[in-house]
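Everything below concerns the one structure shown next.
The values are calculated or read from the model by the stated rules, or taken from the named source; none is laboratory data. Values in this document were obtained by computation on a predicted structure and should not be read as measured data. As a convention, Cβ positions derive from the backbone with ideal geometry for all residues, glycine included, and neighbour counts pool all protein chains shown.
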Amino acid sequence: MSVEYHRQHPIPAPTVHPDNQGFWEGVNRGELVIQRCRNCGAWAHPPRPMCPGCRSLEREWARSQGKGIVVSFVTYREASHPGFRVPYSVVLVELEEGVRLVSNLVGVQPEEIRIGMPVEVVFDRISEEIVLPKFRKAD
Ligand code: ZN
């Protein structure tokens, strides 16, 4: 949806804090970056202070290819917020790096969505300050 639409119908903004700041900075540059452990190489999302694998506090931001598959989804036909235009689909995407993200699937009719559908990230600027990572159907 357009910046103009969201100017008239603002949606709740993501909450940026020290653990996820790198993620949102990446999204604002048009890059999907995921937290990766500097000690064991494990990917983690959502970002967190400690590696879920080895408990190291040494983290870095690594670029994801932005490709994955739909592992779950739901389609909303009633808006839960006045800024959300229905119908819209919320998907759980498993990236090739092995982590899962909650996002929106765009450019696909709800009836076309399938578990296992290949998807790729796109970046949707919804205001001067906010860019959201979303997904579209991939080949
Ligand atoms: Zn680790």
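Structure values in brief
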{"quantity": "Residues within the range 16-32 that are touching a residue at least 60 places away in the same chain (Cβ under 8 Å) and over 19 Å from Ile126 (Cα atoms), tallied", "calculated": "0"}
{"quantity": "Hits in the range 123-137 - residues which are more than 19 Å from Ala13 (Cβ to Cβ) and hydrophobic (A, V, I, L, M, F, W, C)", "calculated": "Phe135"}
{"quantity": "Answer residue from the range 32-88, given it is loosely packed, with under 15 Cβ neighbours inside 10 Å and closer than 13 Å to Arg100 by Cα and is farthest from the ligand (Cβ to nearest atom) among those", "calculated": "Ser72"}
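Each row is one residue, and each column tells you yes or no for (1) part of a helix (DSSP H, G or I); (2) in the same structural domain as His81 (by TED's automatic domain parsing); (3) among the acidic types (Asp, Glu).
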position: Tyr5; (1), (2), (3): yes, no, no
position: Gly22; (1), (2), (3): yes, no, no
position: Val27; (1), (2), (3): yes, no, no
position: Arg36; (1), (2), (3): no, no, no
position: Asn39; (1), (2), (3): no, no, no
position: Pro47; (1), (2), (3): no, no, no
position: Arg55; (1), (2), (3): no, no, no
position: Val70; (1), (2), (3): no, yes, no
